[in-house]
Amino acid sequence: GAVVSQHPSWVICKSGTSVKIECRSLDFQATTMFWYRQFPKQSLMLMATSNEGSKATYEQGVEKDKFLINHASLTLSTLTVTSAHPEDSSFYICSARRSGGVRNEQFFGPGTRLTVL
Amino acid sequence: AQKVTQAQTEISVVEKEDVTLDCVYETRDTTYYLFWYKQPPSGELVFLIRRNSFDEQNEISGRYSWNFQKSTSSFNFTITASQVVDSAVYFCALSGPQGGSEKLVFGKGTKLTVNP
């Protein structure tokens, strides 16, 4: 149990276009999901915390108008990179916390590799 | 603020050697959680262990062992008799009740290469 999927696993897009990444909890309900970004050979940095039915909480320095997060159901959160630029190329990883589950336990998705040309 | 330091950027060992990955953390919380994750070249994070701040017992799981010492704010990870499949980037992470947030703060990672 506790499987998290991401779609797509990789995407290449042109500069200026928008890209949507989905994060799904397949066998559990997730009140809270987290979005991380990892640049090559660097660590994971939290971008935002997504709560079902409410606005996401963004970390300092993350543009909320550029990285749109929607957590419309207990099993799905989406991250849309709007007007993507080459500097947005990165590995995006989501994680999900099971509703009513053990505190501080997150299940990670396999990640989405975004390349902006 | 919470911080995790993994001073070793890269480690290279020969198969069957033991290797210890260091992790030092900083937090003002009295309740917090420490984690280790493995990230193979595929990129997917593999959960290894979760330890809360009240449990200082060392843990062993097969070839893996963890040494948690609150006195030195360290949570080191040892792989015994390393194997080529252990080659990956290993991250230490910290979370705590920071205003209710459960966000994970990651160290910069240690890249382990196990050579045959």
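The values are calculated or read from the model by the stated rules, or taken from the named source; none is laboratory data. Here the structure is a predicted model, which means the values were calculated and not measured. Ideal geometry is used to build each Cβ from the backbone, glycine not excepted, and the neighbour counts take in all protein chains shown. Areas reflect the complete protein model, heavy atoms only, side chains present, ligands, DNA and RNA absent. Shrake-Rupley method; radii C 1.70, N 1.55, O 1.52, S 1.80 Å.
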Normalized C-alpha radius of gyration of chain B, against 2.2 N^0.38 Å?
-> 1.04
Compactness of region B:14-59, expressed as Rg and Dmax over alpha-carbon positions, Å = 13.6, 39
What is the spread of the Cα atoms of region B:57-116 along each of their three principal axes, largest first, in whole Å?
-> 47, 24, 19
Only Lys, Arg (+1) and Asp, Glu (-1) charged, at Cβ; the protein assembly as shown dipole about Cα centre in debye | 420
Counting pairs on different chains as well as pairs 8 or more places apart, how many Lys pairs in the protein assembly as shown have Cα atoms under 13 Å apart?
-> 8
Can you tell which of A:Ala96, B:Ala7, A:Val19 lies farthest toward the positive end of the dipole of the protein assembly as shown, using +1 and -1 charges on the Cβ of basic and acidic side chains (Lys, Arg; Asp, Glu)?
-> A:Val19
What total accessible area, in Å², is buried where chains A and B meet, using a 1.4 Å probe and rounding to the nearest 100?
-> 1600
Scaled to the compact-protein estimate 2.2 N^0.38 Å, what is the alpha-carbon radius of gyration of the protein assembly as shown, rounded to two decimal places?
-> 1.02
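Based on the inverse mean of 1/r over its pairs of different Cα atoms, what is the Kirkwood hydrodynamic radius of region A:1-55, in Å?
13.3
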Can you work out the FRET efficiency for the pair B:Ile49 and A:Ser5, with r the C-beta to C-beta distance and R0 = 25 Å, to the nearest 0.05?
-> 0.60
Using the beta-carbon distance between A:Ala72 and B:Thr9 and R0 = 45 Å, what value does 1/(1 + (r/R0)^6) give for FRET efficiency, to the nearest 0.05?
-> 0.65
Cα→Cβ-extended label distance, 7 Å offset, between B:Ser42 and B:Arg63, nm | 1.8
Cysteines not pairable in chain A (beta carbon separation under 4.7 Å absent) | A:Cys13
Computed FRET efficiency, Cβ-Cβ of A:Lys41 and A:Cys13, R0 22 Å: what is it to the nearest 0.05?
-> 0.45
Using the eigenvalues of the Cα gyration tensor, what equivalent ellipsoid semi-axes result for chain A when each is taken as the square root of five times the eigenvalue, whole Å, largest first?
-> 23, 14, 13
Find the centroid of the Cα atoms in region B:1-37 and in region A:55-92, then give the distance between the two in whole Å.
-> 28
For region B:30-84, give the magnitude of the charge dipole about the Cα centre (Cβ charges: +1 Lys/Arg, -1 Asp/Glu; no others), in debye to the nearest 20.
-> 60
What residues from region B:59-73 fall in the zone where the backbone N is under 19 Å from a label point 7 Å along the Cα-to-C-beta line of B:Thr80?
-> B:59-69
